[in-house]
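The values are calculated or read from the model by the stated rules, or taken from the named source; none is laboratory data. Predicted model only: the values in this text are computed from it and were never measured. Cβ: placed from backbone, ideal geometry, glycine included. Neighbour counts: every protein chain shown.
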Amino acid sequence: MTKRRALQKELHSLEYRLMVASAGFTRRPPLSYLWDAWWASRTPRLRGNTTMSLHGRSATVNNGFAYPAFIRRWPEYNRPLARAATLLRTTTGRPITIVDVGAAVGDTVLLLAEGRDADTDTYICVEPEDEFRQDLRRNTESLGNVEIHPQMLSDREEEVPDLVRHHPGTASPQGRGHRSAVTLDTIVAGRHVDLIKVDTDGYDGKVLAGARRVLSQSQPVVLFEWHPILLDRCGQSATRPFEVLTDAGYTRFVWFTKHGLLDHGENGYDPAAVDRLGRACVEDKMPEPDWHYDVLAATSRHMAVADKMLTHPRA
């Protein structure tokens with residue numbers, strides 16, 4: 001590496017660290033507008049990696065990876081998942097098995113492993129993006145209960161669009177090339193699962209449709225990203241995740257905003273309402289651009305978990 005490139009990498013890492021460190025101080029206008037403009041204009045140009053503390057552990061992330069900044073900007077970001085895991089450990093009285101689809105650099109695993117005794121859980125991570133997966137392996141190597149799978153997932157074995165970065169920290173199956181995909185049922189291979197998190201930037205319905213066996217047999221709590229804009233770009237139906245889960249016996253849905261705040265709960269699935277909400281997101285008629293939700297789904301087996309998430313979302 002030349003001195004010039006080394007200096008550039010150091011400067012990019014410094015700027016990224018400044019963005020992350022300042023995120024928590026820019027939650028309200030006008031500073032929020034300035035920070036957003038800085039982030040949007042600079043992160044696509046940043047190169048290299050940075051090592052920082054993430055949920056109490058040393059982690060390597062690519063410069064521009066959004067998660068460390070977002071958890072400072074929005075303290076409830078991703079917390080519904082951590083809350084669901086805690087409730088499941090309490091209700092089952094044992095360590096749990098978690099499937100993390102779209103594991104990225106391991107931020108979800110590090111979040112879930114930060115609690116007392118939580119590092120005894122088993123994590124089945126799926127991350128097909130090569131750079132993310134390298135960091136995922138490095139960031140979770142101190143945990144002896146993490147298995148990592150590089151496959152793309154779909155509702156059957158097929159060729160699917162390759163991943164493309166639509167942001168330095170996320171990748172979506174919108175590429176021109178194709179690669180082979182398998183089902184989540186194949187990866188889980190009949191094991192009992194307590195919690196499934198799905199965040200694939202547009203393929204969440206396809207992933208869940210490929211998990212019908214584990215959904216039926218284990219009835220895990222599911223938390224999936226519902227991102228109508230990316231679903232639309234990937235040619236996927238915004239209603240399919242709900243259709244798959246409803247067919248598998250899921251009757252309770254708890255909705256959280258993209259910032260992790262409780263939005264509302266539903267008993268059952270209303271296709272017309274979901275379709276209207278999806279169109280409003282795509283047409284940019286929501287409170288902020290790129291609006292989306294995280295949705296927690298449960299069967300009667302874990303209805304108590306869903307109810308507590310609805311009544312005590314920040315407990």
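Of the residues making up region 233-251, those that are surrounded by fewer than 16 Cβ atoms within 10 Å (Cβ to Cβ) and part of a helix (DSSP H, G or I) number 1. GLY210 falls short of the stated requirement of being surrounded by fewer than 22 Cβ atoms within 10 Å (Cβ to Cβ), over 25 Å from PRO289 (Cβ atoms) and either acidic (Asp, Glu) or touching a helix residue (DSSP H, G or I) at 6+ places or on another chain (Cβ under 9 Å) (or both). Looking only at region 231-247, decide whether some residue is over 24 Å from LYS285 (Cα atoms) and touching a helix residue (DSSP H, G or I) at 6+ places or on another chain (Cβ under 7 Å). For region 231-247, residues over 24 Å from LYS285 (Cα atoms) and touching a helix residue (DSSP H, G or I) at 6+ places or on another chain (Cβ under 7 Å): present.
Of all residues in region 49-62, exactly one satisfies the criterion of being assigned to a loop (DSSP other than H, G, I, E, B) and within 21 Å of ARG27 (Cβ to Cβ), namely HIS55. Return only the number of the condition from (1) part of a helix (DSSP H, G or I); (2) under 26 Å from LYS197 (Cα atoms); (3) not polar (S, T, N, Q) that PHE65 does not satisfy. With respect to (1) part of a helix (DSSP H, G or I); (2) under 26 Å from LYS197 (Cα atoms); (3) not polar (S, T, N, Q), PHE65 is out only on (1).
For region 162-174, state whether one or more residues are under 27 Å from HIS302 (Cα atoms) and either in a loop (DSSP other than H, G, I, E, B) or more than 17 Å from the chain's Cα centre (by Cα) (or both). Within region 162-174 (the criterion being under 27 Å from HIS302 (Cα atoms) and either in a loop (DSSP other than H, G, I, E, B) or more than 17 Å from the chain's Cα centre (by Cα) (or both)), the answer is no, since none of the residues qualifies. Candidates in region 272-302 are the residues that are in a helix (DSSP H, G or I) and of a type in the set (Gly, Ala, Ser); of these, the one that is nearest to VAL193 (Cα to Cα) is SER300.
Among the residues making up region 8-43, those that are exposed (fewer than 11 other Cβ atoms within 10 Å of the Cβ) and assigned to a helix (DSSP H, G or I) are ALA37, ALA40, SER41.
Starting from residues that are of a type in the set (A, V, I, L, M) and assigned to a loop (DSSP other than H, G, I, E, B), keep the ones in region 175-194 and report whichever is surrounded by the most Cβ atoms within 10 Å (Cβ to Cβ).
Residues of region 175-194 that are of a type in the set (A, V, I, L, M), as a first pass: 181-182, 184, 187-189, 193.
Applying the additional criterion that residues be assigned to a loop (DSSP other than H, G, I, E, B) yields 189, 193.
Working: ALA189: 9, VAL193: 22.
Filtering first and then ranking leaves VAL193.
Given the conditions (1) assigned to a loop (DSSP other than H, G, I, E, B); (2) surrounded by 19 or more Cβ atoms within 10 Å (Cβ to Cβ), which single one is not true for GLU225? Unmet for GLU225, out of (1) assigned to a loop (DSSP other than H, G, I, E, B); (2) surrounded by 19 or more Cβ atoms within 10 Å (Cβ to Cβ): (1). Across region 111-150, the number of residues qualifying as modelled with pLDDT under 95 and among the hydroxyl-bearing types (Ser, Thr, Tyr) comes to 2.
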